[in-house]
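Below: the structure, in structure tokens.
The values are calculated or read from the model by the stated rules, or taken from the named source; none is laboratory data. Because the structure is a prediction, the values reported are computed rather than measured. Positions of Cβ are backbone-derived with ideal geometry, glycine not excepted, and every protein chain shown enters the neighbour counts. Calculation scope for accessible area: heavy atoms of the full protein, side chains included, ligands and nucleic acids excluded. Shrake-Rupley method; radii C 1.70, N 1.55, O 1.52, S 1.80 Å.
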Amino acid sequence: MKIYNTLTRSKEEFKTIEPGKVRMYLCGPTVYNYIHVGNARSTSAFDTVRRYLEYKGYEVNYVSNFTDVDDKIIASAIEEGVSAKEIADKYIEAFKEDTGKLNIKPACLHPRVIDHIDDIIAFVEVLIEKGYAYESQGDVYYRARRFKTYGELSNKSIDELEVGASNRTGGEQAKKEDPLDFALWKSAKAGEISWESPWGAGRPGWHIECSVMATKHLGETIDIHAGGQDLEFPHHENEIAQSEAKTGKKFANYWMHNAYLTVGESGEKMSKSLKNFVTAHELMEEVSPEIVRFALATTHYRRPMPFNELILKEAETNLSRIKGSLNNVSFRLEQAEEKLEDDDIYLNELAQIKTQFEEGMDDDFNAANGITAVYSLVKWLNAYLEKNSVSQVVLTKSSELLMTLMAVFGIELGQKEVIDETIEALIEERNMARKNKDFKRSDEIRDELKTQGIILEDTSQGTRWSRGE
């Protein structure tokens, strides 16, 4: 298995710190509003990475934080006339609700900044003791230039960063020894949430929070650190500087970043700051969460993804085809032979499709290639279903494989949806009506079932059903 490592800008063979175990950290949301679809893409993409690692047999310790202490949360709290904690609590629950609908597995741990203040203070104290940080008028700053490889992750030179930093103005800049330095601790402003520290009342800077939570819950060196492309600089760059300065060890062996969702003909990045976003909460009121998840999860995570109705419609069509094949398997199972002489031929072909899927996903979790293998499986399965004689062994193995592969993308498929007894009776009655050439009654039953969302298809092997939209 190979992973594209942002730090080295190359694909590298994946080797874990501990055999069979993966320590993985994903930068979670700042909880001041509903997540937009671009945020959902990151969460969905790395849930697929996690699921594939588990599919391969790894035990994944997956940690994703909630940033619940932040300027945006404070601003939102002031605007709504409530406490910052109330805002954070509200949108943490909203995040859990939205990601639950998208079938994103909860992290093994969702640490909150508010529960790690003492750990953050202790971490900052070590950086001061080592000469990497300094106090200035109640704030604490990190000496970026002191960390020799600063800028390596984002591929930026110190000179380039210095030009950008020199253009910043304001009171905070006057407190710094160097324009490049960044805040580890911020002194309290009137009316803001704060905690007592050796440097006076204040609160953590954004970057220090993830360094503390990642190293506390996963260890001083982790296997994978993931997040959106927009976090490469300064957030992840600063995490590396802080963490490695404190521990003297490599912080993360692999850095993974997902590309943006884009909107409009110009391919503009979807973001709250540009006000061109739609929240996942709003979208899922109009579009099935399963369709949204399928659209998000099956594009390679490093590829920018246009977000539009066409993408969602294509996902809906493809998902319907997959479900249709699975329903047809259930139908044929009732008439299938227990086993047939040529089963091994078909089972070998299934194994080849499984290998195709794994080769695609082993190449930096290329979901686009992985889903191509799924479509190959569906095509293969549809051809097999057209045979006059089919085997229970082959049908069972193929349907199990299809469900297993789809689960990697967060789509949980049952073999056949349960029809209540009334609908089952109507289908049976229609079969008898057709046998007796009572086509009027047959058509009446078809129309009646259609109003209930049950679509019938008469084939040479009998009547098949599926649920319409």
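Side notes on the structure shown:
- Only beta bridges with both residues in region 14-132 are counted; by DSSP, about 10 percent of them are antiparallel.
- With every protein chain in place, the chain: carbon and sulfur % of accessible area (1.4 Å): 47
- Average accessible surface for region 337-383: 52 Å² per residue, computed with a 1.4 Å probe over protein heavy atoms with every protein chain in place.
- Considering helices alone, the calculated mean residue ellipticity of the chain at 222 nm is -15000 deg cm²/dmol, with DSSP H runs of length four and up weighted by -39500 (n - 2.57) and normalised per residue.
- Sequence-distant contacts, meaning Cα pairs under 8 Å at least 6 residues apart, place the relative contact order of region 98-224 at 25 percent.
- Relative contact order %, the chain, counting alpha carbon pairs below 8 Å whose residues are six or more apart: 17
- A simple spin-label model places the labels of residue 173 and residue 249 3.9 nm from each other, with each point 7 Å out along Cα-to-Cβ.
- Remark: spin-label model distance residue 349-residue 97 equals 4.8 nm, labels positioned 7 Å along the Cα→Cβ axis.
- Using the Cβ of residue 393 as centre and a radius below 13 Å, the other residues enclosed give a net charge of -4, where K and R count +1 and D and E count -1.
- The residues of region 113-239 expose, per residue, 43 Å² of accessible area to a 1.4 Å probe.
- Paramagnetic label reach from residue 233 (point 7 Å along Cα→Cβ; backbone nitrogen cut-off under 19 Å): within region 120-157, residues 142-157.
- Under 16 Å from the Cα of residue 435 - aspartates and glutamates, other chains or at least 8 residues apart: 443, 444, 457, 458
- All other residues whose Cβ lies under 9 angstrom from that of residue 56 are scored, Lys and Arg at +1 and Asp and Glu at -1, for a net of -3.
- Pair residue 303, residue 149: separation of 7 Å Cα→Cβ label points (nm): 3.1
- With 30 Å as the limit, the listed pairs 56/216; 313/450; 11/176; 72/269; 397/440; 249/269 have 11/176; 397/440; 249/269 beyond it between alpha carbons.
- Highest-first arrangement of 199-208, 49-58, where packing means the average Cβ count within 10 Å: 199-208, 49-58
- Net charge of the neighbourhood of residue 248, taken over other residues with C-beta under 15 Å away and scored Lys/Arg +1, Asp/Glu -1, is +3.
- Beta bridges by DSSP in the chain, antiparallel share as percent, to the nearest 5: 55
- Computed from the Cβ-Cβ distance with R0 of 22 Å, the FRET efficiency linking residue 86 to residue 201 stands at 0.60.
- A 1.4 Å probe run over region 294-336, with the rest of the protein chains in place, finds 46 Å² accessible per residue.
- When the GluC sites (Glu not before Pro) in region 268-321 are filtered for DSSP coil states and for at most 12 other beta-carbon atoms within 10 Å of their beta-carbon, the remaining sites are 285, 286.
- Solvent-accessible area of residue 82 with every protein chain in place, 1.4 Å probe, in Å² to the nearest 10: 60
- In a fully extended conformation the segment linking residue 425 and residue 190 would gain 77.6 nm over its present Cα-Cα distance, using 0.36 nm per residue.
- Here Rg/Rh (Cα atoms, Kirkwood Rh) was calculated from the structure, and among (i) 1.19; (ii) 1.07; (iii) 1.04 it sits at label (ii).
- Largest to smallest in accessible area, the residues 15, 397, 269 fall in the order 15, 397, 269 (1.4 Å probe, all protein chains included).
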